[in-house]
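The values are calculated or read from the model by the stated rules, or taken from the named source; none is laboratory data. These numbers were taken from a predicted model, which means no experiment stands behind them. Note that we place each Cβ from the backbone using ideal geometry, even for glycine, and neighbour counts take in every protein chain shown. Heavy atoms of the whole protein, side chains included, go into the accessibility calculation; ligands, DNA and RNA do not. Shrake-Rupley method; radii C 1.70, N 1.55, O 1.52, S 1.80 Å.
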Amino acid sequence: AAVQPVIRLLTVLRPEPGNAATCARIVAAGGAALALPLFEIRPLPWEPPPVEGFDALILTSANAVRHGGAGLAHYRDLPVFAVGAATADAARAAGFRIAATSSGDAAALGALASQHGVRHALHLTGRDRTPTEIPAVTISIPVYASEHRDIAGPELAALAGTVALIHSPRAGRRLADLALDAATVRIGAISAAALDAAGPGWAATAVAARPDDAALIAAALALAD
């Protein structure tokens, strides 16, 4: 039987600017990266509610800081509870004070905020997020949208024989919807939910040990050996 070639290329599907950051981390770890974002992020118009109604700001993505626009300035005096170091770093760079950071999901972050005495948090989020009951949150407002990119034939063909990195359930569903031979692609997923969203039939799969970029890259590199 013919010897199958070793899969070495990791395809990064997340939108920019996270795509470039993940590609750089892959190269730094000794891998090879292909940038193929499935989505583009754009800001949404939104009306900032009065800051007096809130005792904290909850951020579950750095995109809320990048695309929140001038309305963010209303809430700079509120303590920020953030999911992940990247979100916390973006908020800190924008002049916010980080009260706590969680490595879990939005619900876990809300529970953490509740433990800190938060009762009426404002959650700035994306339009296409999975509906989640978040403790301590009074209102969630979408300030950005993640739009599908049209994936051309050559881009789609480039996925074959690579390890695709899935950073969210939505990315998993989008990948599954593409006219792609799943048996030619291996998948590294940031969570079990992201992998489940991609469906069956992939050549091999792995889930990150933690829901962060470094752990996802490690899982994908293990598949590439």
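Within region 204-225, the set of residues being open to solvent by less than 60 Å² (accessible area, probe 1.4 Å) and over 26 Å from THR60 (Cα atoms) comprises ALA204, LEU221, LEU223, ALA224. In the set (1) touching a strand residue (DSSP E or B) at 6+ places or on another chain (Cβ under 7 Å); (2) without any contact (Cβ under 8 Å) to a residue 24 or more places away in the chain; (3) more than 25 Å from ALA193 (Cα to Cα); (4) open to solvent by less than 60 Å² (accessible area, probe 1.4 Å), ARG92 fails one condition alone, (4). Does GLY30 satisfy the condition of being outside any loop (DSSP other than H, G, I, E, B) and out of contact with any helix residue (DSSP H, G or I) (no Cβ under 7 Å at 6 or more places or on another chain)? The answer is no for GLY30.
Take the residues of region 1-26 that are small (Gly, Ala, Ser) and either within 16 Å of LEU216 (Cβ to Cβ) or in contact with an Asp or Glu (Cβ under 7 Å, 6 or more places away or on another chain) (or both): which is modelled with the lowest pLDDT? Within region 1-26, the match that is modelled with the lowest pLDDT is GLY18. In region 114-143, the residue that is most open to solvent (accessible area, probe 1.4 Å) out of those that are touching a residue at least 60 places away in the same chain (Cβ under 8 Å) and charged (D, E, K, R) is ARG119. Here the condition is being closer than 30 Å to LEU159 by Cα and either assigned to a strand (DSSP E or B) or open to solvent by less than 40 Å² (accessible area, probe 1.4 Å) (or both); of PRO48, PRO37, it holds for PRO37 alone. When ALA88, ALA70, ALA108, ALA64 are screened for being part of a helix (DSSP H, G or I), modelled with pLDDT under 90 and at negative phi, only ALA108 passes.
Screening region 144-169 for residues that are among the β-branched types (Val, Ile, Thr) and either free of Cβ contacts under 8 Å to residues at least 60 places away in the same chain or part of a strand (DSSP E or B) (or both) and picking the one that is farthest from ALA203 (Cα to Cα) gives ILE166.
LEU109 falls short on exactly one of the conditions (1) surrounded by 15 or more Cβ atoms within 10 Å (Cβ to Cβ); (2) under 20 Å from ALA193 (Cβ atoms); (3) in contact with a helix residue (DSSP H, G or I) (Cβ under 9 Å, 6 or more places away or on another chain), and that condition is (3).
Out of all the residues in region 151-167, is one or more in contact with a Pro (Cβ under 6 Å, 6 or more places away or on another chain), open to solvent by 40 Å² or more (accessible area, probe 1.4 Å) and among the aliphatic types (A, V, I, L, M)? No, every residue in region 151-167 fails to be in contact with a Pro (Cβ under 6 Å, 6 or more places away or on another chain), open to solvent by 40 Å² or more (accessible area, probe 1.4 Å) and among the aliphatic types (A, V, I, L, M).
When only residues in region 170-205 that are outside any loop (DSSP other than H, G, I, E, B) and farther than 27 Å from PRO154 by Cβ count, which is modelled with the highest pLDDT? Walk me through it before giving the result.
Residues of region 170-205 outside any loop (DSSP other than H, G, I, E, B): 170-177, 182-184, 186-189, 192-198, 204-205.
From the residues that got through so far, the ones that are farther than 27 Å from PRO154 by Cβ too are 192-193, 196.
Numbers: ALA192: 93, ALA193: 90, ASP196: 96.
Filtering region 170-205 for residues that are outside any loop (DSSP other than H, G, I, E, B) and farther than 27 Å from PRO154 by Cβ, the one modelled with the highest pLDDT comes out as ASP196.
Can you find a residue in region 177-188 that is touching a strand residue (DSSP E or B) at 6+ places or on another chain (Cβ under 6 Å), open to solvent by less than 40 Å² (accessible area, probe 1.4 Å) and more than 26 Å from ALA90 (Cβ to Cβ)? Scanning region 177-188 turns up at least one residue that is touching a strand residue (DSSP E or B) at 6+ places or on another chain (Cβ under 6 Å), open to solvent by less than 40 Å² (accessible area, probe 1.4 Å) and more than 26 Å from ALA90 (Cβ to Cβ). Right, ALA29: at pLDDT 95 or above, under 15 Å from ASP213 (Cβ atoms), of a type in the set (A, V, I, L, M) and more than 13 Å from the chain's Cα centre (by Cα) or not? So ALA29 fails the test.
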